[in-house]
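Q: Got a structure here, written out as structure tokens. Questions coming.
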Amino acid sequence: MLLHDITLENFGAYRGKQTLNLTPKPGKPIILIGGLNGCGKTTLLDAIQLALYGARARCSGRGTRSYDIYLRDSINRQASPKKAGIKLWFSTTVEGEQRHYRIERFWQLTGKAVRESLAVFINGEMDKVIGEGWADHIEDLLPLEVASLFFFDGEKIESLADPDRAAPVIESAVYSLLGVNTVEQLRTDLLALQRRQKVSDEDRTALDQIASIEKQLEENEVARADALQRVASVRALLLRARMDLKTVETAFAKEGGDLFRRRAELAAQQDHAEKQLQALNDMLANTLAAGPLPLLLLGSRLDAIRQQVTREEEAAQSEQVLEVLNDRDQQLLDLLRNTLTAEQVSQITQHLEADRQSRAVSADIPRFLQMSRGAIQQLDSLDQILSSERARARDLLAEVASLRDQLSVIERQLAGVPDEEVIAGLIKQQDEERKRVSQLEHDLRTMEEAHASAAREHENLTVMRERAYGKRASGLAKAEHAARVVSYSDRVRTTLEKFGEALLQRHISRLEVAVLDSFTRLMRKGELIQDLRIDTSKFTLTLIGADGEELDPGRLSAGERQLLAVSLLWGLARVAGNRLPSVIDTPLGRLDSRHRQNLVERYFPQASHQVLLLSTDEEIDDDLLKRLIPAIAQTYTLVHDDTTFTTTVERGYGWGGTSYVA
């Protein structure tokens, strides 16, 4: 495979269209691309992988984000419209013929959704069939696991610098890159054949149903994971929005915003209270004051009148009694004169006269009121009327006092209402935050419902699958032909297992030699390691020192372990013999000057027929650049504008005294 050129359009920091010619020259395999940290070197490596593998690409900047979110975030902030894309042109040999591929992958932000398109051109003509099945096609050309051994950055070299952590890489490389997995795949296919042979023809419908359900379950798993991630994302946004709203509401309340929103209500309450107070005052003045209530001011006079009326009534009664007694005494004396002596009659007369005179004292009172019986009754009922009026007046006065207190509170609240110009900005901000929270709550409910729907669908599909398996198991029967196929398959699988072990041992032996040779070339201490062994079961590295004893990897310096990681990748590529380009991002890491010189002189020019080096100014410096120039085919510098936060591609390489343009 050979990479010819790549075009980045509004991808990451690359604004507009930026094109790099990646074609090497005879004897000059290196394309040197320089840039300071943050200029977009790793973004360029991500772009190559994204163009080839799409959602499966192992891009460094993706993290745990979903593919749609990663695409959306990778669009240059200044792009208008919000659209980005990558074009990659490469060639490779397919069935003995060289074939040129141009991959054009574009995506555009439409509302909240990201729409992606992929076009595949083969020898200049669009091929829709291969474009639709590109994920499978690229696996035939360059499997993702294999590509990870040729497209790597300094961080991967750091992770491989630990021999224990290198075991999974060695295992993956041996099986995928060196063809051992082909034997394993044959054994797996034979096992699948055995399982298929155990199924009768009548069971074919059940198998198709199970396959359909399994496919739906896989799609449902993707949908559930995506829905869950969207729920988490919206929930986080909602939490942040609620915190923002709370902050605005706190500031709003501090400025008197609640009183401002209630100003109309307070004004209405004030008007209502004033009208009630006026009505009560009118009632006190026009109703109670105009009635008998003022008579309460004449309490002592009314008591004197009552006493005088009582005395006049008693005098009138005494006067009537005297008249009756006078008539009675006269009749009694007339009767006694005939029977008694004159002296006795005189004594009785004196006694009766004295009695009348004593009674006449109470009747001799001035009677200037001379009230009638009706007037006296009205005077008697006046106390009850005045008591009722007094209680009514007290209630009204208490209500007046309460209304005045209420008005005082309302007036103080109205006095504290802030000016509209002061609070207008906070009102607008509060309304906007509330709308934002409301929208996010609606989005969250929608996302949660989508996730719940996907979960219900998963449960239903699981039940359907169990039923389908149960139905299949109930009708499963062994056929003689199937048993024969199973028997032969077992024999072949046993043979393939032995063959695979032998093939694995052969490749491991070659790999041990290649890695040791690569490490010896790169090391300045040629006598440090005498031998190198790889365990075929655990795929761990064992280093043998110059004394023939095992060498603890911890005794190696950080730079030496990094060179060991590079030797591992180089040895794998040499044993595999695949003509694949190598893309190396920030390759020199913690290496000292001597180790860097060895990499520059011995590894980079021979790593592959095409080597893309993504370096900082402190890695490939002036001295190393001079040593590397004989192997350089193209040079570029990624120039970052700190004011616009965008990167452009310029020809040439160099920051110091040496600048080289190829």
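The values are calculated or read from the model by the stated rules, or taken from the named source; none is laboratory data. Here the structure is a predicted model, which is why all the values come from computation and not from measurement. Because the Cβ atoms are built from the backbone with ideal geometry, glycine has one as well, and the counts that use them run over all protein chains shown.
Q: I'd like the full set of residues that are in contact (Cβ under 8 Å) with a residue 60 or more places away in the chain, over 15 Å from LEU591 (Cβ atoms) and outside any loop (DSSP other than H, G, I, E, B), limited to the stretch 519-541.
A: ILE534, LEU541
Q: Those residues that are within 15 Å of the chain's Cα centre (by Cα) and surrounded by 14 or more Cβ atoms within 10 Å (Cβ to Cβ), I need them from the stretch 425-438; list them, please. I'd like the intermediate steps shown before the answer.
A: Here is the first cut: in the stretch 425-438, the residues within 15 Å of the chain's Cα centre (by Cα) are 436-438.
Scanning the stretch 425-438 gives ARG436, VAL437.
Q: Right, next: Hey, among ARG434, ARG373, which residue is modelled with pLDDT of 70 or more and either out of contact with any strand residue (DSSP E or B) (no Cβ under 9 Å at 6 or more places or on another chain) or within 30 Å of GLN278 (Cβ to Cβ) (or both)?
A: Step by step, each of ARG434, ARG373 is checked, and only ARG434 is modelled with pLDDT of 70 or more and either out of contact with any strand residue (DSSP E or B) (no Cβ under 9 Å at 6 or more places or on another chain) or within 30 Å of GLN278 (Cβ to Cβ) (or both).
Q: Can you find even one residue in the stretch 93-111 that is under 25 Å from the mean Cα position of the chain (by Cα), in a helix (DSSP H, G or I) and more than 28 Å from THR643 (Cβ to Cβ)? Lay out the reasoning, then the answer.
A: Keep residues of the stretch 93-111 that are under 25 Å from the mean Cα position of the chain (by Cα), which gives 107-111.
Filter once more, so that each one left must be in a helix (DSSP H, G or I): none.
No, the conditions are met nowhere in the stretch 93-111.
Q: Considering only the stretch 251-267, I want to know if a residue exists there that is surrounded by fewer than 13 Cβ atoms within 10 Å (Cβ to Cβ), on the phi < 0 side of the Ramachandran plot and modelled with pLDDT of 75 or more.
A: The answer is no, given that none of the residues of the stretch 251-267 is surrounded by fewer than 13 Cβ atoms within 10 Å (Cβ to Cβ), on the phi < 0 side of the Ramachandran plot and modelled with pLDDT of 75 or more.
Q: Only residues in the stretch 15-29 that are part of a strand (DSSP E or B) count as the first member; pair them with residues that are exposed (fewer than 13 other Cβ atoms within 10 Å of the Cβ) and not aliphatic (A, V, I, L, M), Cβ under 6 angstrom, at least 6 apart or cross-chain, and list the lot.
A: Between residues of the stretch 15-29 that are part of a strand (DSSP E or B) and residues that are exposed (fewer than 13 other Cβ atoms within 10 Å of the Cβ) and not aliphatic (A, V, I, L, M), the close pairs are ARG15/GLN78.
Q: A further question follows. Quick one: in the stretch 91-113, of everything that is touching an Asp or Glu at 6+ places or on another chain (Cβ under 8 Å) and surrounded by 20 or more Cβ atoms within 10 Å (Cβ to Cβ), which residue is farthest from LEU2 (Cα to Cα)?
A: Taking the candidates together, the pick is TRP107.
Q: Any residue at all in the stretch 643-652 that's buried (at least 23 other Cβ atoms within 10 Å of the Cβ), among the β-branched types (Val, Ile, Thr) and at pLDDT 90 or above? Show your work before the answer.
A: Here is the first cut: in the stretch 643-652, the residues buried (at least 23 other Cβ atoms within 10 Å of the Cβ) are 647.
In the following step, the residues that additionally are among the β-branched types (Val, Ile, Thr) were identified as 647.
Narrowing the set further to residues that are at pLDDT 90 or above leaves 647.
Yes: one or more hits.
Q: Tally time: how many residues in the stretch 595-648 are among the hydroxyl-bearing types (Ser, Thr, Tyr) and in a loop (DSSP other than H, G, I, E, B)? Break it down into steps so the answer makes sense when it comes.
A: Pass one, the stretch 595-648, residues among the hydroxyl-bearing types (Ser, Thr, Tyr): 603, 608, 615-616, 635-637, 643-644, 646-648.
This time we only want the ones that are in a loop (DSSP other than H, G, I, E, B), so: 608, 616, 643-644.
Residues flagged as among the hydroxyl-bearing types (Ser, Thr, Tyr) and in a loop (DSSP other than H, G, I, E, B) within the stretch 595-648 amount to 4.
Q: Could you list all residues from the stretch 60-90 that are buried (at least 20 other Cβ atoms within 10 Å of the Cβ) and of a type in the set (D, E, K, R)?
A: LYS87
Q: In the list TYR70, TYR53, which residue meets the criterion of being over 30 Å from GLY654 (Cα atoms) and in contact with a Cys (Cβ under 8 Å, 6 or more places away or on another chain)?
A: Values: TYR53 fails: in contact with a Cys (Cβ under 8 Å, 6 or more places away or on another chain).
On inspection, the qualifying residue turns out to be TYR70.
Q: Now for a separate question. Could you go through the stretch 339-351 and let me know if any residue there is outside any helix (DSSP H, G or I), surrounded by fewer than 11 Cβ atoms within 10 Å (Cβ to Cβ) and either touching a His at 6+ places or on another chain (Cβ under 7 Å) or modelled with pLDDT of 65 or more (or both). Give the derivation first.
A: Kept after step one, since they are outside any helix (DSSP H, G or I), are these residues of the stretch 339-351: 339-341.
Filter again for surrounded by fewer than 11 Cβ atoms within 10 Å (Cβ to Cβ), leaving 339, 341.
So of that shortlist, the ones also either touching a His at 6+ places or on another chain (Cβ under 7 Å) or modelled with pLDDT of 65 or more (or both) come out as 339, 341.
For the stretch 339-351, residues outside any helix (DSSP H, G or I), surrounded by fewer than 11 Cβ atoms within 10 Å (Cβ to Cβ) and either touching a His at 6+ places or on another chain (Cβ under 7 Å) or modelled with pLDDT of 65 or more (or both): present.
Q: Right, something else. Kindly establish whether LEU3 is under 18 Å from ASP585 (Cα atoms), modelled with pLDDT of 95 or more and surrounded by 15 or more Cβ atoms within 10 Å (Cβ to Cβ).
A: Values: under 18 Å from ASP585 (Cα atoms): yes; modelled with pLDDT of 95 or more: yes; surrounded by 15 or more Cβ atoms within 10 Å (Cβ to Cβ): yes.
Answer is yes for this residue.
Q: Being surrounded by fewer than 21 Cβ atoms within 10 Å (Cβ to Cβ) and touching a Pro at 6+ places or on another chain (Cβ under 6 Å) is the filter here, so list the residues in the stretch 585-630 that pass it.
A: Selection gives HIS609 alone.
Q: Out of all the residues in the stretch 31-48, is one or more touching a residue at least 12 places away in the same chain (Cβ under 8 Å), surrounded by fewer than 23 Cβ atoms within 10 Å (Cβ to Cβ) and farther than 26 Å from LEU624 by Cβ?
A: Within the stretch 31-48, not a single residue is touching a residue at least 12 places away in the same chain (Cβ under 8 Å), surrounded by fewer than 23 Cβ atoms within 10 Å (Cβ to Cβ) and farther than 26 Å from LEU624 by Cβ.
Q: Given the residues SER408, SER381, which is the only one that is hydroxyl-bearing (Ser, Thr, Tyr), farther than 30 Å from HIS272 by Cα and at pLDDT 65 or above? Can you show your working first?
A: Numbers: SER408 fails: farther than 30 Å from HIS272 by Cα.
Unique residue meeting the criteria: SER381.
Q: Here is a list of conditions, (1) polar (S, T, N, Q); (2) modelled with pLDDT under 75; (3) touching a Gly at 6+ places or on another chain (Cβ under 6 Å), and SER518 meets all of them except one; can you say which number that is?
A: The failed condition is (2).
Q: So, in the stretch 186-229, exactly how many residues are at pLDDT below 70 and either in a loop (DSSP other than H, G, I, E, B) or touching a His at 6+ places or on another chain (Cβ under 7 Å) (or both)?
A: 3
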